[in-house]
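The values are calculated or read from the model by the stated rules, or taken from the named source; none is laboratory data. Values in this document were obtained by computation on a predicted structure and should not be read as measured data. Backbone-built Cβ (ideal geometry, glycine too); neighbour counts: all protein chains shown. For accessibility, only protein heavy atoms count, side chains too; no ligands or nucleic acids. Shrake-Rupley method; radii C 1.70, N 1.55, O 1.52, S 1.80 Å.
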Amino acid sequence: MKLDWNLTSSPIFIGDEAKIRRMLINLVDNAVKFTSTGSVTLSANTQSVTDAPEAELELTVKDTRIGISANKLKIWLEHDLGYSPSYGNPGLGWQITKELLKRMNGTMTGISEPGRGTEISLQFTLKIYQESA
């Protein structure tokens, strides 16, 4: 497991720590579960945060696991499939992550290729803590 923390500065974000933690645990757990060899990388990136009251945060989980077809990934990203086995079931963690992200007005994107791995990104906005003068 590799952590790639590319924040331009070290702001203190204000957000729902439990939701963010649950989403990351779900995605990392899924990636590790299907990566018997290779690697899993967790990345954090944000736009410049100079004097802005909020910032767009992007958290990405990339693995070198089995991967899935682009068509299946598109269906999983775009539709609320519940727990139906049609199109294959992405799992409970995936559905929980999508629901939590929706509550945070965020988006989930991804790319995947069978036999080469998957990269899932979560994008959402967080307020930045600013000390009062």
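Observations
- Net charge over other residues, Cβ less than 14 angstrom from the Cβ of Glu113 (K, R count +1; D, E count -1): +3
- Computed with a 1.4 Å probe over protein heavy atoms only, the accessible area of Ile111 comes to about 110 Å².
- Counted by Cβ distance under 12 Å from Lys127, the other residues give a net charge of -3, where Lys and Arg count +1 and Asp and Glu count -1.
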